[in-house]
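To start, the structure under review is shown below, and the notes come after it.
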Amino acid sequence: MPIMAVEIQNRTALPSTAAQPERPLGRAMSRGARLKCPSCGKGRIFKSYLKVRETCSACREELHHHRADDAPPYFTVFIVGHIVVPAILSVEMALAPPLWMHFTAWIPLTLAMTLLLLPMTKGALVGLQWSLRMHGFNPNNESASDA
């Protein structure tokens, strides 16, 4: 019997998620990818190109907790690379254009895709962190620090 009492104590010691509002992962990431607040979907998530707002202007949700770090560039390079490299190889095999044509076509396309996808990727990652209550996005977690 003492073992069961310990198990029950451990279960009750865990924070309850029943009282917390639901945060659907797909919806939060979709809103973030559209550069909107993951909570309400109305306010803008960025105040400049990649600078996340402190709080949402529409719902006042705190967004400063995010810790995207190097993940957005990594995923952006991964996505762009998986689109551009097969396209380059296909064009080379089908048309065999001169090298200068490759440079004039693929370098601007790669840069444009990267610069367009980077904010969307970062917004989706902020939405992921908000949905999973990571890095201080959980209002019931007193031990979360902003450092």
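The values are calculated or read from the model by the stated rules, or taken from the named source; none is laboratory data. If you're wondering where the values come from, they're calculated on a predicted model, not measured in any experiment. Cβ placement follows ideal geometry from the backbone for every residue including glycine, while neighbour counts extend to all protein chains displayed.
Checked against the criterion of being of a type in the set (Gly, Ala, Ser) and part of a helix (DSSP H, G or I), the stretch 75-89 has at least one qualifying residue. Is it the case that the stretch 94-109 has a residue that's closer than 20 Å to His64 by Cβ and either out of contact with any Pro (no Cβ under 6 Å at 6 or more places or on another chain) or of a type in the set (A, V, I, L, M) (or both)? Within the stretch 94-109, not a single residue is closer than 20 Å to His64 by Cβ and either out of contact with any Pro (no Cβ under 6 Å at 6 or more places or on another chain) or of a type in the set (A, V, I, L, M) (or both). The residues in the stretch 92-114 that are closer than 16 Å to Gly81 by Cβ and not in a helix (DSSP H, G or I) can be counted, and the count is 0. One residue is enough: does the stretch 83-90 have a residue meeting the conditions under 30 Å from Pro38 (Cα atoms), under 19 Å from the mean Cα position of the chain (by Cα) and surrounded by 12 or more Cβ atoms within 10 Å (Cβ to Cβ)? No, because not a single residue in the stretch 83-90 is under 30 Å from Pro38 (Cα atoms), under 19 Å from the mean Cα position of the chain (by Cα) and surrounded by 12 or more Cβ atoms within 10 Å (Cβ to Cβ).
Taking Ser48 as the residue in question, decide whether it is part of a loop (DSSP other than H, G, I, E, B), at pLDDT 95 or above and closer than 30 Å to Leu109 by Cα.
Working: part of a loop (DSSP other than H, G, I, E, B): yes; at pLDDT 95 or above: yes; closer than 30 Å to Leu109 by Cα: yes.
Against the criterion (part of a loop (DSSP other than H, G, I, E, B), at pLDDT 95 or above and closer than 30 Å to Leu109 by Cα), Ser48 qualifies.
The residues listed here are Ser131, Ser57; of these, the one that is of a type in the set (Ser, Thr, Tyr) and without any contact (Cβ under 8 Å) to a residue 24 or more places away in the chain is Ser57.
Suppose the filter is over 14 Å from the mean Cα position of the chain (by Cα), within 17 Å of Arg133 (Cβ to Cβ) and either modelled with pLDDT under 95 or outside any loop (DSSP other than H, G, I, E, B) (or both); does Ser57 pass it?
Details: over 14 Å from the mean Cα position of the chain (by Cα): yes; within 17 Å of Arg133 (Cβ to Cβ): no; either modelled with pLDDT under 95 or outside any loop (DSSP other than H, G, I, E, B) (or both): yes.
Judged against the criteria, Ser57 is not a match.
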